[in-house]
Amino acid sequence: MAVTTQPKLDAQRIRADFAYLEELVNGKPFAYLDSAVSTQKPRQVLDAMREFYEHSYTNVHRSVYRLAERATEGFEGARQKVAAFVNAPSEREVIFTRSSTEALNLVAYAWGLDNLGKGDLVVVTELEHHSNFVPWQYVAKRTGATFRHIPIDDQGELQLDVLDSLAREGTVKVVANNLVSNSLGTINPVEKLAAWAHEQGAIMVVDAAQAAPHRPIDVQALGCDFLAFSSHKMCGPSGVGALWGRRELLEEMSPFNLGGEMIRSVSIDKTTWNELPYKFEAGTPAIAEAYGFGVAIDYISEIGLEAIERHEQELVTYAMGRLAGLDWVTVYGPPADRRAGIVSFNVDGVHPHDVSQLLDWEGIAVRGGHHCTQPLMTRLGVSATTRASFYVYTIPEEVDRLVDGLHKVKKSLG
Ligand code: C6P
């Protein structure tokens with residue numbers, strides 16, 4: 001019988017690609033446990049961007065001289081990589097945006113304003129990041145649609161038993177949910193929600209900001225209509241993100257930003273729109289950043305998304321096991337086997353900002369705050385949490401240092 005071994009990720013070797021991890025903070029090795037906010041950047045991406053700026057850079061889609069063609073090829077090559085990364089049927093369905101936030105705003109405005117009205121329901125979730133919550137709340141208000149949410153249970157998982165009663169309240173037109181919660185790490189049942197959304201005649205909008213960097217994504221298997229993610233959370237530069245959208249929907253939608261590049265023709269009386277994806281890419285895009293996004297996709301794809309997912313699963317299982325031994329720490333969210341590499345917790349009697357400040361003195365970077373999920377914080381009955389989040393360069397020793405650091409926090413402030 002053939003034995004298949006699943007390749008493991010070598011975090012120690014990967015660490016050598018990240019310059020900042022070699023630095024000392026307060027005389028101690030740096031433990032970066034805040035990758036959910038943004039990841040560090042490997043030399044491969046930085047070198048490639050420098051090379052691009054030095055030898056292939058000018059504006060794209062405008063001129064025919066050699067350098068311009070090279071720039072356009074680099075930019076469009078990145079689009080193909082993004083499309084392949086999420087198994088999009090066509091690269092024309094991939095729109096470069098500034099970020100996940102802009103991608104989600106694009107859908108809320110360009111689809112929502114034309115398709116929502118009184119009697120319609122927009123359904124988000126209680127654990128949504130503000131980027132997939134506030135635009136829908138705002139557009140629902142502007143159009144007269146009803147804004148509803150799917151609540152979570154005490155483990156931070158969606159209570160899907162409310163769906164039937166939601167459907168009775170009106171015509172469900174939008175379901176918007178993150179694939180992975182940035183605060184709790186919950187892996188949400190997006191396929192199920194997409195199937196339900198389609199039964200209602202609604203569109204399914206997926207925020208994959210915390211999923212795309214960490215697990216394989218297949219928009220066709222998910223069955224969604226739109227999917228948003230950001231380059232800076234997956235080893236790429238900031239300032240660029242992507243929206244994948246189903247072609248029929250994108251074709252029908254009005255533009256979001258207006259100006260150069262997104263037009264077919266302009267006259268005093270009338271303007272017509274460019275073809276996809278350019279209809280949604282007004283003005284000069286983040287050219288070298290999109291190119292760097294493509295290189296980052298190559299970088300993490302070479303490590304392997306399954307290997308990344310397994311690595312983070314091992315780390316989160318280890319971290320939750322260690323934190324469970326501290327009866328003065330409250331951990332939020334589902335068990336380790338149903339979450340991604342994110343752990344939110346609170347130390348009894350100590351504000352998360354103080355926890356993160358003291359951990360910084362130990363050379364450990366974590367985030368303390370509401371993580372742009374205030375409705376979730378309200379549900380948890382806290383104003384903030386401390387959050388540790390992992391990536392390809394995280395090692396178990398850093399989890400040990402976090403636990404040691406928390407003992408020190410308790411000793412000084414608990
Ligand atoms: N979350 C965090 O520390 P932008 O900023 O547009 O690239 O990503 C927004 C966003 C959208 N959805 C989810 C699930 C996210 O986690 C984020 C960004 C960071 O959790 C900054 S608040």
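Taking residue 24 as the residue in question, decide whether it is more than 24 Å from residue 283 (Cβ to Cβ), under 24 Å from the mean Cα position of the chain (by Cα) and not small (Gly, Ala, Ser). Taking the combined requirement at face value, the residue does not satisfy it. Of the strands (runs of 3 or more DSSP E) entirely within region 302-414, those holding at least 3 residues that are more than 16 Å from the ligand (Cβ to nearest atom) occupy 329-332. The residues of region 138-179 that are among the basic types (Lys, Arg) and under 25 Å from the mean Cα position of the chain (by Cα), listed by number, are 148, 173. Residues that are touching a Cys at 6+ places or on another chain (Cβ under 8 Å) and within 16 Å of the ligand (Cβ to nearest atom) within region 151-197 comprise 182, 190, listed in sequence order. Kindly establish whether residue 246 is over 21 Å from residue 158 (Cα atoms) and open to solvent by 10 Å² or more (accessible area, probe 1.4 Å). Criteria met by residue 246. Can residue 155 be described as touching a residue at least 24 places away in the same chain (Cβ under 8 Å), within 19 Å of residue 370 (Cα to Cα) and open to solvent by 50 Å² or more (accessible area, probe 1.4 Å)? The answer is yes for residue 155. The residues on offer are 401, 367, and the sole one that is under 25 Å from the mean Cα position of the chain (by Cα) and of a type in the set (Lys, Arg) is 367.
Only one entry in 321, 304, 341 is surrounded by fewer than 16 Cβ atoms within 10 Å (Cβ to Cβ) and either at pLDDT 95 or above or closer than 19 Å to residue 217 by Cβ (or both), namely 321. Against the list (1) within 23 Å of the chain's Cα centre (by Cα); (2) surrounded by fewer than 23 Cβ atoms within 10 Å (Cβ to Cβ); (3) of a type in the set (Val, Ile, Thr), the condition residue 373 fails is (2).
Every residue in region 79-121 that is in a helix (DSSP H, G or I), within 25 Å of residue 172 (Cα to Cα) and open to solvent by less than 40 Å² (accessible area, probe 1.4 Å), please. Residues satisfying the conditions are 93, 100, 102, 103, 104, 105, 106, 107, 108, 110, 111, 112. Which residues, taken from region 109-135, are touching a strand residue (DSSP E or B) at 6+ places or on another chain (Cβ under 8 Å) and either within 13 Å of the ligand (Cβ to nearest atom) or farther than 23 Å from residue 151 by Cβ (or both)? Result: 111, 115, 124, 125, 127, 128, 129, 131, 132, 133.
Scanning region 136-145 for residues that are away from the ligand (no atom under 16 Å from the Cβ) and surrounded by fewer than 20 Cβ atoms within 10 Å (Cβ to Cβ) yields a total of 4. Residues in region 319-342 that are among the charged types (D, E, K, R) and touching a residue at least 60 places away in the same chain (Cβ under 8 Å): 322, 338, 339.
The values are calculated or read from the model by the stated rules, or taken from the named source; none is laboratory data. Keep in mind the model is a prediction, meaning the values are calculated, not measured. Virtual Cβ from ideal backbone geometry, glycine too; neighbours counted across all protein chains shown. Side chains are part of the model used for accessible areas, which takes the heavy atoms of the whole protein and leaves out ligands, DNA and RNA. Shrake-Rupley method; radii C 1.70, N 1.55, O 1.52, S 1.80 Å.
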